[in-house]
Amino acid sequence: MSEGLSAPRPRIGLSCCISPADPERGVYPGKTLLYVEQSMVRWIAADDALVYPVPPVPPSAPGGPAAWVDDLDGLVLHGGSDVAPGSYGSIPLRSDWEGDPVRDAYELDLVRRFLDAGKPVLGICRGAQLLNVAFGGTLWQDLVEQGATTTTHTDRVIYDGLLHEIDVEPESWLARVLGAPGRCLVNSIHHQGLRELAPGLEVQARSARDGLVEAVRAIEGSWCVGVQWHPELSDRSDPTMLDDAPIRASFLDAARGNRGDTETQEP
Ligand code: MN
């Protein structure tokens, strides 16, 4: 039954989206639901990793976040609802920009725990924004309305069909991981974005048309990367789109580094 010297399969936590109690919902009316999006799970699992949704559980619970961090090898921050302005010391400029402070608090706690434990964190879209907040940066509540750009980065109708080019920063970590592709094409499903870059993060890629930050990486400490696009929704049949697999591979390599157990022993 030995698996020989095959690499250990990393156990990856995936933060959950939260659907608040809704009396109009057909199933579980009035109850809070937790969910993940199927493409995200499949994207992570496609490279021989096990995916575990990590639910928000009170930190005082025995099965709470401390236990998750002990058991898991890395964390992916799921996309989804807006980050709440209050999470970075601002106030919502509009009532529909109040964001999701409950999810922010849960994910910020997870990020700190994973990084403190030396375990890698990959933030997708909202997750990249949350990493900037976790490291002390701020966000645009709405890119176009606040004048950060005149180019929309989201379209409800074509959704993940909205594409734009990014410029990978020369000689950056991301340029090395991707084999220095320079300019490449990604999807765009975000109306918020990184504003003041957090100390401790460095820009890895910018939107070609307006210079907005599209990828960041922690300068020191654990492997920690955020991308503003959605690799899990990228159209793999389109050869002009960025192949994100090397980013995932780097993340999973870092996660495997936390699995110095059975598989590396002599047979
Ligand atoms: Mn974008």
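No value in this document is a laboratory result; all are computed from the given coordinates. Because the structure is predicted, anything quoted here is derived from the model rather than measured. Glycine also receives a Cβ, built like all others from the backbone with ideal geometry; neighbour counts cover every protein chain displayed.
A DSSP coil position with no more than 15 other Cβ atoms inside 10 Å describes the following trypsin sites (Lys or Arg not before Pro) in segment 137-195: R156.
Report, for the chain, the % of DSSP beta bridges that are antiparallel, rounded to 5. Don't skip to the end; give the middle numbers.
Values: 21 of 37 bridges.
Of those bridges, close to 55 percent are antiparallel.
Could you work out the mean projected area of the convex hull around the alpha carbons of segment 180-267, in square nanometres to one decimal? Kindly include the intermediate steps, with their values, before the conclusion.
Numbers: hull surface 33.2 nm².
Averaged projected hull area, Cα only: 8.3 nm².
Within the chain, which whole H helices from DSSP have a Cα span along their axis of at least 20 Å and a mean Kyte-Doolittle hydropathy of -1.0 or more, if any? It would help to have the intermediate numbers written out before the result.
Details: long enough: 101-116 (22 Å, -0.38).
Span-like helices here: 101-116.
The residue among P239, A255, A208 whose Cα reaches farthest toward the positive pole of the charge dipole of segment 187-267, with charges on the beta-carbon of Lys, Arg, Asp and Glu, is A208.
Give, as a single signed number, the net charge of other residues whose beta carbon lies under 13 Å from the beta carbon of L115, with Lys and Arg counted +1 and Asp and Glu -1.
Working: positive: R112, R113, K119, R217; negative: E107, D109, D116, E220.
Spelling it out: positives minus negatives among the neighbours equals 0.
Determine the shape class of segment 1-137: with a ≥ b ≥ c the square roots of the Cα gyration tensor eigenvalues, call it rounded for a/c under 1.5, and otherwise prolate if a/b is greater than b/c, oblate otherwise.
The shape class here is prolate.
Decide, for segment 98-201, between rounded, prolate and oblate: order the square roots of the alpha carbon gyration tensor eigenvalues as a ≥ b ≥ c, take rounded if a/c falls under 1.5, and otherwise choose prolate if a/b is larger than b/c, else oblate. Oblate.
Net charge around T149, counting only other residues with Cβ within less than 10 Å of its Cβ (Lys, Arg = +1; Asp, Glu = -1)?
Details: positive: R209; negative: D210.
So the environment of T149 carries a net charge of 0.
Karplus-based coupling profile of segment 25-34, in residue order and whole Hz: 6, x, 10, 6, x, x, 10, 7, 10, 10, with θ = phi - 60° in 6.51 cos²θ - 1.76 cosθ + 1.60 and x standing for Gly or Pro.
Helical runs assigned H by DSSP (4 residues or longer) give the chain a calculated mean residue ellipticity at 222 nm of -6500 deg cm²/dmol, each run adding -39500 (n - 2.57) before division by the residue total. Look at the alpha carbon pairs under 8 Å that are at least 6 residues apart: their mean separation over the length of the chain gives a relative contact order of 20 percent. In terms of its C-alpha gyration tensor, the chain comes out oblate, because a/c is 1.5 or above while a/b does not outweigh b/c.
Of the GluC sites (Glu not before Pro) found in segment 169-267, the ones in coil according to DSSP and having at most 14 other Cβ atoms within 10 Å of their Cβ are E171, E196, E220. I'd like the Karplus ³J(HN,Hα) series for segment 61-78: coefficients 6.51, -1.76, 1.60, θ = phi - 60°, whole numbers in Hz, and an x wherever there's a Gly or Pro. So the J values, rounded to whole Hz, are 6, x, x, x, x, 4, 5, 4, 5, 4, 7, 9, 10, x, 10, 10, 8, 5. Each part reduced to its alpha carbon centroid, segment 3-76 and segment 83-158 end up 19 Å apart.
Distances between placed amide hydrogens fall under 5 Å for W229 paired with C125, all partners being 5 or more residues away or on another chain.
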